[in-house]
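One structure below.
What follows is calculated from the coordinates using simple rules that are stated; it is not laboratory data. Treat the numbers as computed from the prediction; the structure is a model and nothing was measured. Here Cβ is always computed from backbone atoms with ideal geometry, including for glycine, and neighbour counts include all displayed protein chains.
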Amino acid sequence: MKEMRFTPSAVSVVAGRYTVVAHNAGGLTHTFSLNELGQEITVTPDKTATFEVDLTPGTYRYVCRILDHEGLGMRGVLKVRSK
């Protein structure tokens, strides 16, 4: 992540357990939020944060929930397909 964008902004994976790794290469604090799954981490500048998540098939949005970062482009789509 960097100011007002996630890279990549679209991810496709097979259902299963994953470690999500979010590195903030920008100068502002951001969040990585998978709202539908109840997962959110805050990542300060030049730091990395992780969390574990069990993904079932579906389409999920990830966003930054700080101020209007989502509206400014910090959003993406995670597609999880069956094994």
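In debye, nearest 20: dipole of the chain around its Cα centre with unit charges on the Cβ of K, R (+) and D, E (-)?
Charge dipole, the chain, about its Cα centre: 320 debye, nearest 20.
Show me, for segment 35-46, the HN-Hα J-couplings you get by feeding each phi into the Karplus relation (A = 6.51, B = -1.76, C = 1.60, θ = phi - 60°), rounded to Hz, glycine and proline as x.
4, 4, 9, x, 10, 8, 10, 9, 10, 7, x, 6
Translational D (Stokes-Einstein, µm²/s) of segment 10-78 at 20 °C and 1.002 mPa s when Rh comes from the Kirkwood sum over C-alpha pairs?
172 µm²/s
Normalised by the residues of the chain, what does the relative contact order come to in percent, with Cα pairs under 8 Å and at least six apart?
Relative contact order comes out at 39 percent.
Report the gain in length on full extension from Val14 to Lys2: 0.36 nm times residue separation, minus Cα-Cα distance, nm rounded to one decimal.
Value of the extension gain: 1.7 nm.
In straight Cα distance, which lysines are under 25 Å from Lys47, not counting same-chain residues fewer than 8 positions off?
Partners found: Lys2.
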